[in-house]
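Enquirer: Here you go, one structure.
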Amino acid sequence: MTILRIYRSEGNYDIHHLDIKPETKLLTLFEQIRTKIDSSFAFSSECRRGICGSCAVKVNGIPVLACKAEIGSFRSGVLRIEPLNSAAPKIDLLSDFEPFFRSFSRFPEFPPPDGGLTRHCEPSDALRCTQCGICFYSCPSVASDDGFAGPAAIVKAERFLSDPADRLTRPQLEAAAENVYQCVKCFRCEEYCPRGLKPEHSVEAVRRRCLTLPEDSLGTIHTKALFDSIFHYGKINEVFTARYIFGFCGSLPLILSGIPFLLKRRVRIRPVFSKNIREIRQLLEADE
Ligand code: SF4
Ligand code: SF4
Ligand code: FES
C-alpha cells in the first residue's frame, strides 16, 4: 500500500491509499487519478519520454520527472507530491515558471562564438538542456537571492562567454561576474539534472573567464579577496573579505550589522587561524 499526499490548490493535500505496482511511473499514476478519481486534477506533461521537461514535480522534496520516476524507486511508502516551484504554486501540480524563464534574460546578448567552447559545455550540452526548471528551483542561492540568474541560465550563457577570440567587452563580462558569485557550490543542480548536465561546472568556467577582467573589476577583486583570506587565515574571514571587496567605508554597514552577533558571542573580533595554516599556504603556493 502506498500513501500519496498530493498538493492541490490553496495549500490543501489530497490523500490516496493505493495498491500500486513498483514499476508504475508517477505520470501514469497522475493520469489514472485524473481519469478515475478526480477529473479536475491538474498537472503538466507532453512527451512522456523525459525529453520535454514539462512534468517535473517534487516528491518528498526531491525534484524528479514524473514520466521517468517509478513508484518503487522511492524509499518511503508515503509520497508527498508537490509542484516544482513549491514556493509559488499556480494550481495543483502546475508551477509558476515565470521567474525561471526570466532568469535567462539576466545575461546581455552575446555574439555567438566561432568555436573554442569549453570541455564542460560542448554545444550539445547547452542544447541538451530541456529547461525543466529542476536546477533553478532546487538552488538554495536562487531561493535566497532573486538577483542570481541561477544554474540553467549560466549553462546557456557559458558557451557564449567562452569565446576564445576575446571579442567580449568588459561590460558583458562584468554582467556575467554579477551572476556567478552567489553560487555556494552545493552541487544540487548537478545531482538533480535529469539530463546529466553540469551547471556548477559552467558557473566555475564563467568565474574563471571573469578573472581575465582588469584588477579593479568585481570578479577579480572577489576572487583575490577569498584567495588572500585563505592564504592569511587558512579560512574565509568575513571581515577581511568585506574590507577587501568594499573598502573600509563601504564595509562599515556590513560590520555594524554584525554587532548583535558579536554581543551574542556568535562571531569573534580576533581573527581565527586554521591549525593547518602552513600546509594550506604550501598548497596555495604550489597551485599558483
Ligand atoms: S551548485 Fe551553485 S548553481 Fe548549483 S544549485 Fe548549488 S548554489 Fe545553485
Ligand atoms: S540544466 Fe538540467 S536541470 Fe537545469 S533546466 Fe536544464 S535540463 Fe533542467
Ligand atoms: S512528459 Fe516530457 S519530460 Fe516528462
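Taken together, the values in this text are just the output of simple stated rules run on the coordinates, not laboratory data. Since this is a predicted model, take the numbers as computed values, not measurements. Every residue, glycine as well, gets a Cβ built from its backbone with ideal geometry; the counts of neighbours run over all protein chains shown.
Enquirer: How big is the Rg/Rh ratio for region 128-244, C-alpha atoms only, Rh by Kirkwood, two decimals?
Expert: Working: Rg = 14.9 Å, Rh = 15.0 Å.
Expressed as Rg/Rh, it is 0.99.
Enquirer: Here's something else I'd like to know. Could you give the radius of gyration (one decimal) and Dmax (whole number) of the Cα atoms in region 218-287, in Å?
Expert: Answer for region 218-287, Rg first and Dmax second: 13.4, 40 Å.
Enquirer: Loop-only trypsin sites (Lys or Arg not before Pro) in region 5-111, please: DSSP not H, G, I, E or B, and at most 13 other Cβ atoms within 10 Å. Before the final figure, lay out the partial values.
Expert: On the way: sites: Arg5, Arg8, Lys25, Arg34, Lys36, Arg48, Arg49, Lys58, Lys68, Arg75, Arg80, Lys90, Arg102, Arg106; in loops: Arg8, Arg48, Arg49, Lys68, Arg75.
Sites meeting the loop and neighbour criteria: Arg49, Arg75.
Enquirer: I would also like to ask the following. Please report Rg (one decimal) and Dmax (integer) in Å for the Cα set of region 2-93.
Expert: Considering region 2-93 through its Cα atoms, Rg and Dmax are 12.0, 32 Å.
Enquirer: Given bins 5 angstrom wide, list per bin the percent of all Cα-Cα distances in the chain, short to long.
Expert: Going out from 0 Å in 5 Å bins, the chain shows 1, 5, 10, 12, 14, 12, 11, 10, 9, 7, 5, 3, 1, 0 percent.
Enquirer: For Ala56, list long-range residues whose amide hydrogen, built 1.01 Å from N in the peptide plane, is under 5 Å from its own amide hydrogen.
Expert: Correct list: Ala66.
Enquirer: Which of the trypsin sites (Lys or Arg not before Pro) found in region 190-288 are loop residues per DSSP with 10 or fewer other Cβ atoms within 10 Å of their Cβ?
Expert: Working: sites: Arg195, Arg207, Arg208, Arg209, Lys224, Lys235, Arg243, Lys264, Arg265, Arg266, Arg268, Lys275, Arg278, Arg281; in loops: Arg195, Lys235, Lys264, Arg265, Arg266, Arg268, Lys275.
In loop regions of region 190-288 (DSSP not H, G, I, E or B), the sparsely surrounded trypsin sites (Lys or Arg not before Pro) are Lys264, Arg265, Arg266, Arg268, Lys275.
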